[in-house]
Amino acid sequence: MKRTIDDIRGDFPILNRECRGKPLVYLDNAATTQLPLCVAERIADYYAHSCANVHRGAHLLSEEATDQLERVRGQTARFLNAESEREIIFTSGATGGINLLAASLGRAGLANGANIVVTEMEHHSNFVPWQQLCHDRGLAFRVVPITESGELDREALVRLVDENTALLALTAVSNVLGTVNPVGQIVSAAHAKGVPVLIDASQTTRAGRLDVRALNCDFLCFSAHKMLGPNGVGVLYGKEAMLEKLPPSAYGGGMIDSVTAGETRFAELPAKFEPGTPNISGILGFGASLDYLQELGIDEIAARERMLLDRAEDSLRAMDGIRVFGSPPERRGCLSFAVEGLHSFDTAALLDRLGIAVRAGHHCAQPLMDALGVSGTVRMSPAFYNTEEEIDRFCASLVRIAEMRRSL
Ligand code: PLP
């Protein structure tokens, strides 16, 4: 990276605070990343200098806010290498985007005998909306299992996706195991059967460059708050031709062309899918986070995060009394483990006492927990602003916890 880590950490004041009397080690980045000051400043700047509603105002402030918001749409399209800004829909997050698509597909009508395919490693956000849609419409809901090593069972995937599949919805990276799924290959195989694919990219926005044209996916979603942006903002990308065919998922102001008592004509893309006042300040903050990530370099960020994760995995695997879940050939973003004989919440609570923030529990992935045969795991997830020393402190703390457990 062009800047030193100390310099970069200076952009994130929270990283210098203490927790429980110890310097904070924040290793819960798969849940939410920290915001650099420039993102918070961008949000404050909107409220301080150009706060107004977008798209409808007939005055300068509204024009300015609209221009700024639409600039972020353009920036997002370039970030994803989308063909057009019309393919970028701002949502409240990955969950919002997936529910939007599920509602729209449901409204579009799905053929009798159709099925929807998800995987066992999905976050509930990319599982429950499809399960419920299938229940409501009497469709078959199919779940691709995982293998011992925590990868997708590719044979089952080939078997379960067929010409009656209305959608294959899968994550690019597991939010529990860090498994990287070969989504490019999976999209090609699905398309060979005429099946559209939604990629949940929530855990992969910092893991390398996203290129929807290279992936050739039909839909893709993510949240800003896992990529240094604010909460409550996300993106649903859809190929223009697919979005054109779909009806709106929700109604309101801003998404219409004309309304009479007898009929409503809907606006063009992307407004058709964006009813109501969007999270304007959040979208502008998201734009600032994209600038920040791109200035540091996504490839450099991805390489550093990989190095930190590998360092943690190597240490954990060498420890007595620690079980690391899964052994996929490619792992990104996070690692799940258990201290033998300790509940995941107890391990996380002990780490918290030492100032180390990790996540414990089912990680909104209960079907995956069932497949692993556990009620929960402990998950550590570094970001580029973490240091090697922090990883070592986390590992040393785990050694202490495992020893303490053994001595009981
Ligand atoms: N999908 C994955 C893979 C996730 O990891 C998460 C959040 O942890 C989500 C979806 C949901 O994201 P959000 O709560 O921001 O909508």
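The values are calculated or read from the model by the stated rules, or taken from the named source; none is laboratory data. Because the structure is predicted, anything quoted here is derived from the model rather than measured. Cβ sites come from the backbone with ideal geometry, for glycine too, and all protein chains shown count toward neighbours. SASA here: full protein model, heavy atoms, side chains in, ligands and nucleic acids out. Shrake-Rupley method; radii C 1.70, N 1.55, O 1.52, S 1.80 Å.
Side notes on the structure shown:
- For region 14-26, the condition of being of a type in the set (D, E, K, R), within 30 Å of Arg393 (Cα to Cα), under 23 Å from the mean Cα position of the chain (by Cα) and surrounded by 14 or more Cβ atoms within 10 Å (Cβ to Cβ) holds for none of the residues.
- All positions within region 1-40 that are more than 16 Å from the ligand (Cβ to nearest atom) and part of a loop (DSSP other than H, G, I, E, B): Met1, Lys2, Arg3, Thr4, Gly10, Asp11, Phe12, Arg17, Arg20, Gly21, Leu24, Pro36
- Ala312 vs. criteria assigned to a helix (DSSP H, G or I) and under 19 Å from Glu87 (Cα atoms): no
- Flag for Val187 being surrounded by 15 or more Cβ atoms within 10 Å (Cβ to Cβ), in a loop (DSSP other than H, G, I, E, B) and either within 16 Å of the ligand (Cβ to nearest atom) or not aromatic (Phe, Trp, Tyr) (or both): no
- Candidates Glu340, Glu389, Glu403: the one that is open to solvent by 20 Å² or more (accessible area, probe 1.4 Å) and under 30 Å from Ala201 (Cα atoms) is Glu389.
- Condition check for Asp28: more than 14 Å from Leu290 (Cα to Cα), in contact with a Ser or Thr (Cβ under 7 Å, 6 or more places away or on another chain) and among the charged types (D, E, K, R): yes
- Hits in region 242-295 (condition: within 26 Å of Ser62 (Cβ to Cβ), touching a helix residue (DSSP H, G or I) at 6+ places or on another chain (Cβ under 8 Å) and among the aromatic types (Phe, Trp, Tyr)): Phe266, Phe273, Phe286
- Taking the criterion of being within 16 Å of the ligand (Cβ to nearest atom), open to solvent by less than 10 Å² (accessible area, probe 1.4 Å) and assigned to a loop (DSSP other than H, G, I, E, B), the only residue of region 46-97 that qualifies is Gly93.
- Inter-residue pairs, beta-carbon under 7 Å, first of a type in the set (Ser, Thr, Tyr) and in region 335-348, second open to solvent by 40 Å² or more (accessible area, probe 1.4 Å), 6+ apart: none
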